[in-house]
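Q: Before I ask anything, let me first share the structure, which is written out below as structure tokens.
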Amino acid sequence: MTEQGKSCNWALEINDLTVAYNSKPALWDVDLRVPEGVLLAIVGPNGAGKSTLIKATLDLIPRAAGSIRIYGKPYRQARNLVGYVPQRGSVDWDFPTSVLDVTMMGLYGKIGWFKRPGKKERELAMSALEQVGIAHLAHRQISQLSGGQQQRTFLARALVQDAQVYFMDEPFAAVDAVTERAIVNILKELRERGKTVIVVHHDLQTVRDYFDWVALLNVEMVAVGTVYEAFTNDNLRKTYGGRIAGIGAASGAIDVTSTRDSAEYAEVGDAV
Ligand SMILES: Nc1ncnc2c1ncn2[C@@H]1O[C@H](COP(=O)(O)OP(=O)(O)OP(=O)(O)O)[C@@H](O)[C@H]1O
Ligand SMILES: [Mg+2]
């Protein structure tokens, strides 16, 4: 644990956060406190503001109101503590660079942007690529990767950062079942090492298996807490409205009817 970690209970503390795009709120008065060393899922329908929450936390977009602290400090003072895996569709994969180069970008916070990475940096990056199972693709251009391989590249880049708090926006999108298992194991290993991992997640079926904390978001924060406390049928209904059918309390089975956009959901409404 870092010195900052010792002086503050919360890995992440968000108070009264409001973010708007073109004066339309995407997040409204959101509070979120995440203790150190948990694996937290952020769930909510398409357009709920999940990516916006992460981007606001990393100062990538402006906020209309509210405060955000990472180990008690604003992002600009805590950036070395933070690792980020963006949502895959938000990245230009045609950019001419190799898997190894992208992975080494995770080290720039440590070595400085203007210093060329050396042997040690390359070894660290290669070992992260081995951890995510794509060391053999190190010299491949990123435009020539499959979706799951792109996802693993980003995960490797986050791993070399050796951060305290990780933000991952849908790391399981476009990956096969084996890759998903491999990623989950890496996330759990990070937690074992006292890291805090915050993951935007869509598959409600696996929330109980993969995570110990959950935040249910739909523009407003519906509930946050341990999976046991917060991942209830009632909270799921509040978050997804009529879009969830047959939440089996006994079996834990959850049937999310589709992943279409919110506007379409609103029309489907109670018929689902
Ligand atoms: N740059 C932008 N300009 C205008 N509106 C935006 C912008 N980015 C996001 N939005 C809108 O803000 C809302 C929240 O978007 P966000 O990407 O945070 O949702 P999300 O919960 O991550 O959804 P998904 O599950 O589809 O990834 C949506 O209504 C979206 O259309
Ligand atoms: Mg998103």
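The values are calculated or read from the model by the stated rules, or taken from the named source; none is laboratory data. Keep in mind that this is a model prediction, so the values were computed, not measured. Neighbour counts run over all protein chains shown; Cβ positions are idealised from the backbone, glycine included. Just so you know, the surface numbers come from the protein's heavy atoms only, side chains and all, with ligands and any DNA or RNA stripped out. Shrake-Rupley method; radii C 1.70, N 1.55, O 1.52, S 1.80 Å.
Q: For a quick size check, give me the Cα extents of the range 125-208 along its three principal axes, largest first, whole Å.
A: 36, 26, 18
Q: Please report how far the C-alpha centroid of the range 157-188 lies from that of the range 44-63, rounded to the nearest whole angstrom.
A: Each part reduced to its Cα centre gives a spacing of 19 Å.
Q: Once you charge only the Cβ atoms, +1 for Lys and Arg and -1 for Asp and Glu, what is the size of the charge dipole of the range 8-63 about its Cα centre, to the nearest 20 debye?
A: 260
Q: Against the globular-protein guess of 2.2 N^0.38 Å, express the Cα radius of gyration of the range 9-134 as a ratio, rounded to two decimals.
A: 1.23
Q: Something else: For each pair in Lys24/Lys238; Lys73/Lys238; Lys73/Lys195, compute the distance between the two Cα atoms and list the pairs where it is over 28 Å.
A: Values: Lys24/Lys238 21 Å; Lys73/Lys238 32 Å; Lys73/Lys195 17 Å.
Result: Lys73/Lys238 exceed 28 Å.
Q: Here's something else I'd like to know. Per residue, what accessible area does the range 19-124 have, given a 1.4 Å probe and all protein chains present, in Å²?
A: Accessible area per residue: 52 Å².
Q: Over the Cα atoms of the range 168-218, what Rg and Dmax result, in angstrom?
A: Over the range 168-218's Cα set, Rg and Dmax evaluate to 10.8, 31 Å.
Q: Which is farthest toward the positive dipole end of the range 94-238 among Tyr210, Gly106, Ser146, measuring Cα position about the Cα centre, with Cβ charges +1 (Lys, Arg) and -1 (Asp, Glu)?
A: Gly106
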